[in-house]
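A short worksheet on the structure shown next.
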Amino acid sequence: MRKLLLTTMLTAWAAANAHGQDANALLARLDAALPSEAAEMTAWRHDIHQHPELGNREFRTSALVAQALREFGLEVQTGLAHTAVIGTLRGGLPGPHVALRAEMDALPVTEPAGLPYASTATAVYEGKQVGVMHACGHDAHVAIVLGVAKLLAQSRASLPGTVTFVFQPAEEGAPDGEEGGAALLLKQGLLKTKPDAFFGLHVGPGPVGGLSLSRDRVTAASDTFRVTVQGKQSHAAMPWYGVDPVIVAAQIALAWQTIPSRQSDLGRNPAPVITIGKINGGVRTNILPDSVLLEGTLRTPAAEQRADTIARMERSATAIAQSAGAKAEFKWEEGYPAGANNATLVAKLLPVLEQVGPVAMSSGSYAADDFAYYSRSVPSFFFGLGTGPGGSNHSPQFKVDDAALPVGARALLHLLVSHQFDVASGAGAPPRQQAGATAPAAAGGQPSAGAASVARNLH
């Protein structure tokens, strides 16, 4: 029995060692080939950057992506979620199934002149003609993932398992009255056959090629609220004949800021963030308005905070308005859920990412991303990539240094190949987290300035 056990152990060790050698050989070939693909990745990004398209309208971008994937020899599916492109690469060796996402949509931001490939595109957004710009780096994501697809396709005979490339529209949100993004892809069956892991990255200001990662919490949930404070109109010189909705709205806005500091258990979870982005009311300086509109977003890092904070906001608004003789109508629209990395996947692949370059550990971000829909049902690994100094994501000053593109591609190649060989050797896939579950606080050190800057991206 002892001899049999020893033989079994030695056989397993030999098989794992052989898998490790095969993985290293494939990674060496990919690393050697990557520099020659940098120019094409840059060309893809510049082309996409110069021709940005808003969510659910990524017609040119999706056509470019689909054509490239077909040229690489991938199976290509279109017609999902308006403009999504799904590419499937089947490796020549048995192994697990993983997915990788890149977003394609741009933002209603006018780009300043200066770059030879700067956008001059315009589109109609919420009834207004606006400039369109890749101000969140999705052009970089598409270029990086196309590069990964091309290189892996060239080495498919040595690759275990299957890789699904998801080129997703409308991460920044669908037009009014339409569905889109990750939620619509899932509704239409993207994860009918669930992959063993889902990978993604996001670029942001920071050291060029700098990598950042959270062990658990990645993004916050994001919901939109709209409160109409109904008062009574009167002459501004005689406000006692009316009910001033401006004062009531101001009291509501201030009271809401006590929810994070005085009503939230900060010993259990990070504080929610309540931000009013729009205040509207009145037509003349000498007329007390009859109503004031407050609009903004609520960010909650933990799933358990979401409904509780919304209830507290509605209760405060209603009670404050009632005390002044006004009325408050509270409406909210559910947005993206909070996103988290799979702790087991991070523990296995953090050393792999560190071989690509130094990794700044982050405690997560208050930004939102619909990648969270994937991470709720599939073990996920989402990391940040620095693209140089400049303005924040979603600003006209946001810039991407093309030198970051090969670093992002190399990171994804090493993560994917290492995962495929690791699982194929018998190590097993990571356990799935329950949908909506929130991981414990990050076990890593304090986030560095680079990690914090890369985390300030997304939605």
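Taking Asn393, is it crowded, with 16+ Cβ neighbours inside 10 Å and within 30 Å of Thr162 (Cα to Cα)? Taking the combined requirement at face value, the residue does not satisfy it. Taken across segment 394-409, residues that are hydrophobic (A, V, I, L, M, F, W, C), closer than 20 Å to Gly335 by Cβ and at pLDDT 95 or above do not occur at all. Just so you know, in segment 333-351 the residues that are of a type in the set (D, E, K, R) and touching a strand residue (DSSP E or B) at 6+ places or on another chain (Cβ under 6 Å) include one that is nearest to Val218 (Cα to Cα), and it is Glu334. Restricting attention to segment 164-207, the residues being crowded, with 16+ Cβ neighbours inside 10 Å and among the hydroxyl-bearing types (Ser, Thr, Tyr) number 1.
Of all the residues in segment 368-380, those that are under 16 Å from Arg306 (Cβ atoms) and of a type in the set (A, V, I, L, M) number 2. Evaluating Gln420 against the criteria (1) modelled with pLDDT of 95 or more; (2) assigned to a loop (DSSP other than H, G, I, E, B); (3) polar (S, T, N, Q) leaves one unmet condition, (2).
For (1) assigned to a strand (DSSP E or B); (2) under 15 Å from the mean Cα position of the chain (by Cα); (3) crowded, with 24+ Cβ neighbours inside 10 Å, each residue gets a yes or a no:
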site: Pro94; (1), (2), (3): yes, no, no
site: His97; (1), (2), (3): yes, no, no
site: Arg101; (1), (2), (3): yes, yes, yes
site: Pro112; (1), (2), (3): no, no, no
site: Leu115; (1), (2), (3): no, no, no
site: Thr120; (1), (2), (3): no, no, no
site: Ala135; (1), (2), (3): no, yes, yes
site: Lys150; (1), (2), (3): no, no, no
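Meeting the requirement of 2 or more residues that are in contact with an Asp or Glu (Cβ under 9 Å, 6 or more places away or on another chain), among the hydrophobic types (A, V, I, L, M, F, W, C) and more than 19 Å from Ala343 (Cα to Cα), the strands (runs of 3 or more DSSP E) wholly within segment 189-252 are 221-230. Among the candidates Ser323, Ser291, the residue that is surrounded by fewer than 17 Cβ atoms within 10 Å (Cβ to Cβ) and among the hydroxyl-bearing types (Ser, Thr, Tyr) is uniquely Ser323. One residue alone among Gly173, Gly200, Gly209 is more than 27 Å from Val352 (Cα to Cα) and of a type outside the set (A, V, I, L, M, F, W, C), and that residue is Gly173.
What are the residues in segment 49-63 that are assigned to a helix (DSSP H, G or I) and under 13 Å from Pro169 (Cβ atoms), if any? Give the steps one after another, and end with the answer.
Going residue by residue through segment 49-63, those that are assigned to a helix (DSSP H, G or I) are 49-50, 59-63.
Matches in segment 49-63: Phe59, Arg60, Thr61, Ser62, Ala63.
Every residue, every condition in (1) farther than 17 Å from Arg226 by Cα; (2) over 33 Å from the mean Cα position of the chain (by Cα); (3) at pLDDT 95 or above, yes or no:
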position	(1), (2), (3)
Ile252	no, no, yes
Thr258	yes, no, yes
Leu266	yes, no, no
Ile279	no, no, yes
Pro289	yes, yes, yes
Gly296	no, no, yes
Arg312	no, no, yes
Gln322	yes, yes, yes
Gly325	yes, yes, yes
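When the criteria are applied in full, Leu413 meets the requirement of being under 19 Å from Asp31 (Cα atoms) and over 19 Å from the mean Cα position of the chain (by Cα). Of everything in segment 339-353 that is in contact with a Pro (Cβ under 6 Å, 6 or more places away or on another chain) and part of a helix (DSSP H, G or I), the residue that is surrounded by the most Cβ atoms within 10 Å (Cβ to Cβ) is Leu345.
Quickly run through segment 305-338 and pick out the residues that are in contact with a helix residue (DSSP H, G or I) (Cβ under 8 Å, 6 or more places away or on another chain) and not in a helix (DSSP H, G or I). Working first, answer last.
First pass over segment 305-338, keeping only residues in contact with a helix residue (DSSP H, G or I) (Cβ under 8 Å, 6 or more places away or on another chain): 309, 312-313, 316-317, 320-321, 324, 326-328, 330, 332, 336-338.
Result: Ala324, Ala326, Lys327, Ala328, Phe330, Trp332, Tyr336, Pro337, Ala338.
Residues that are under 15 Å from the mean Cα position of the chain (by Cα) and either among the polar types (S, T, N, Q) or in a strand (DSSP E or B) (or both) were ranked within segment 364-385; the one that is farthest from Val218 (Cα to Cα) is Leu385.
The values are calculated or read from the model by the stated rules, or taken from the named source; none is laboratory data. These figures come from a predicted structure and were not determined experimentally. Cβ coordinates were reconstructed from backbone atoms using ideal geometry, including for glycine residues, and neighbour counts include every protein chain displayed.
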